[in-house]
Amino acid sequence: MSLECELGSGSPNSTCRADADRGILTLPVPEHTFPPRVRFAPSPTGYLHVGGARTALFNWLLARHTGGAFVLRIEDTDMERSSDEMVQGILDGMRWLGLTWDEGPGVGGPHGPYFQSQRLDRYRAVAAQLVASGHAYYDYRGADARATASETGDGGPSAFGPKQYDETSVSLSAEEVVEREAAGMPRAVRFRVPPEGRTVFADAVHGEIGFDNAGLEDFVILRSDGCPTYHLSVVVDDMDMQITQVIRGDDHISNTPKQVLLYEALGAPVPGFAHVPLILGPDKKRLSKRHGATSVMEYSAQGVVPEAMVNFLALLGWSPGTDQELFSADELVERFDLEGISGGNAVFNPEKLEWMNNQHIMQMSDDVLIAQARPWLEQAGLWRADFDGPGRPWLVRALALLRPRAKRLGDIPEGLGPLVRPVVFDPAAATKHLTPQMGAHLDALATTLADTAPFDPATIEQAVRGTAEARGVKPGVFMQAVRVSLTGRTVSPGLFETIELLGRDESLARIRAGARRAGPA
């Protein structure tokens, strides 16, 4: 009888059935229990990178949108490459993004442990179960060499190709198996793929996807050292943790038929699948370090705020169906659905992230922005104790001036420094704009501003422009000299707002210092 996995007649509660007349075994269509249980299962062989963070976000959004459960599981069976530092890096990245998990490390839950390294006995027991049921067999001949990329989770083809492994172990008699076991021969466990038919599964992004079984090798599920391959561990974990929806990258599509066959062999319901597009760099090649930062915490270190990163990642391969681009996390939770995921690859645009970061900085409440900017101000030596008290209103006004130019959090201390520290003149700016002829004009402005009332931007603007006109100086030239006098630079927030923020006394002192730097005409 051939084996074929079909989608069934459409009932979401279809069950596994054998149709002897047609020679077809129909695998169970996912029951899509509501609310769903989803998971993010990173390998701690590196920090949380952009692609993994986007996958985690999609899972988290679906769970929060539906009131389901979001499980975090650490796939740390690669002992040589996994480390506690990388685990902590992943957890830190998740927390920075605000992607809290309902079950997993530090939280616990009824389906633990949530580290694969602590579940090895379970994988070995399931492998033995599959051998006992005839769905798998022992491979005594060089099996580990054939546990290739396609059996470790990255979706690459077997180096031996479909059905290209040594098949001696397939035909061993029971007595021969007992004899080899008694001799303690090392052996792996290999899943027995049905030789005929097709394995078909429904994908929420790509629709129906099918693979000919003839193109699938009998794949290793347990190596001779007792460690599981990706296919076995991920299926056992998802089965034990009652995962109902698997959202992961497109690079796992080729792994899915093997995992579907494992679910069926174990009599477990097959979860729903949604394979999301890969993230490409601006050159349309797969995103990598050559395109810049790939770890989400690198973006944190560069001054990207988590609200912007979440917004940006959500739109890499998902669309709300409108032209809206700026979303809060709550808005994304409300709008997210799998139907909005595109089948095409998404392009990571650093300029778009920078723009989006500025937009979120612009929209932040004063308290949130101050909290996020404070570490940057402290590091630059610009944080003052009174910013937690009487000086806070001044800081709020300063941030209001700096927000429009702040593409990253690091731009805030860069802009605030000249407003709270003594002026340090940029030599080129001073040479160009504080000319000897300008000294008398600046002194005249200081005299005018001493009596200007009210001391607000509109009245200050009249005083500056009026002085320039009265003294026959082009307004643009004069205002640039005033700007350099106030900040030491040619670039600053709005000139008249800056004068108001500095206050009358400080502004007059700086303008007169600029006049002295200009020297006598």
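Every number in this text was worked out from the coordinates using simple rules, so none of it is lab data. Everything numeric in this text was worked out from a predicted model, so none of it was measured. Counting neighbours? That spans all protein chains shown, and the Cβs are built from the backbone with ideal geometry, glycine included.
Put in line by how crowded their Cβ is, counting other Cβ atoms within 10 Å and starting with the fewest, 467, 459 read 459, 467.
Backbone phi angles across the range 197-204, fed through the Karplus curve with coefficients 6.51, -1.76 and 1.60 (θ = phi - 60°), yield HN-Hα couplings of x, 10, 9, 10, 9, 8, 10, 5 Hz in residue order; Gly and Pro are listed as x. The alpha carbons of the range 385-448 give a radius of gyration and a Dmax of 15.7, 43 Å, in that order. Sketch the reach of a paramagnetic label on residue 428 as a point 7 Å from Cα along Cα-to-Cβ, and name the residues of the range 487-521 whose backbone nitrogen lies under 20 Å away. Counting backbone N atoms under 20 Å from the label point, the list is 487-493, 518. Panel order for 387, 40, by other beta carbons found within 10 Å of each beta carbon, from fewest to most: 387, 40.
Placing a pseudo-label 7 Å from each Cα along the Cα-to-Cβ vector at residue 347 and residue 378 gives an inter-label distance of 4.1 nm.
Computing FRET efficiency as 1/(1 + (r/R0)^6) for residue 298 and residue 141, where r is the C-beta to C-beta distance and R0 is 51 Å, gives about 0.65.
What residues of the range 372-402 lie in the reach of a label at residue 421, counting those whose backbone N is under 14 Å from a point 7 Å from the Cα along Cα→Cβ? Those under the cut-off are 377-384.
Taking amide H as placed 1.01 Å from N in the peptide plane, the amide H of residue 139 sits under 5 Å from that of 188, 189, 190, each at least 5 places away or on another chain.
Roughly speaking, what % of Cα-Cα pairs in the range 237-339 are separated by over 23 Å, rounded to a whole number? Kindly include the intermediate steps, with their values, before the conclusion.
Working: 2408 of 5253 pairs.
In whole percent, the long-distance tail amounts to 46.
Summarising the amide proton neighbourhood of residue 43: residues at separation of 5 or more, or on other chains, whose placed amide H is nearer than 5 Å comprise 75.
Translational D (Stokes-Einstein, µm²/s) of the range 422-521 at 10 °C and 1.306 mPa s when Rh comes from the Kirkwood sum over C-alpha pairs?
On the way: Rh = 12.9 Å.
Rounded to a whole number, D works out at 123 µm²/s.
Using the count of nearby Cβ atoms within 10 Å as a rough guide to exposure, how do 438, 479, 185 rank from fewest to most? Mind showing how you got there, number by number?
On the way: 438 25, 479 18, 185 13.
Ranked by crowding around the Cβ, least crowded first: 185, 479, 438.
Remark: the range 213-219, residue by residue, has Karplus-estimated 3J(HN,Hα) of 4, 4, x, 10, 6, 5, 8 Hz, where x stands for each Gly or Pro and the curve is 6.51 cos²θ - 1.76 cosθ + 1.60 at θ = phi - 60°. For the range 42-101, the normalised intensity computed at q = 0.16, 0.22 Å⁻¹ comes to -0.49, -0.84 (log10 of I(q)/I(0), Debye sum over alpha carbons, equal scatterers, no solvent).
Annotation: amide H of residue 69 within the under-5 Å range of 37, 38, sequence separation 5 or more or interchain, hydrogens built in the peptide plane.
Pull out the extension gain between residue 334 and residue 284, defined as 0.36 nm times the separation in residues minus the alpha carbon to alpha carbon distance; nm, one decimal. Intermediate values should be presented prior to the final figure.
Numbers: separation 50, 0.36 × 50 = 18.00 nm, distance 3.09 nm.
Length difference between fully extended and current span is 14.9 nm.
Across the range 362-368, computed HN-Hα scalar couplings (Karplus, 6.51 cos²θ - 1.76 cosθ + 1.60, θ = phi - 60°) run 4, 8, 5, 5, 4, 5, 5 Hz from first to last residue, x flagging Gly and Pro.
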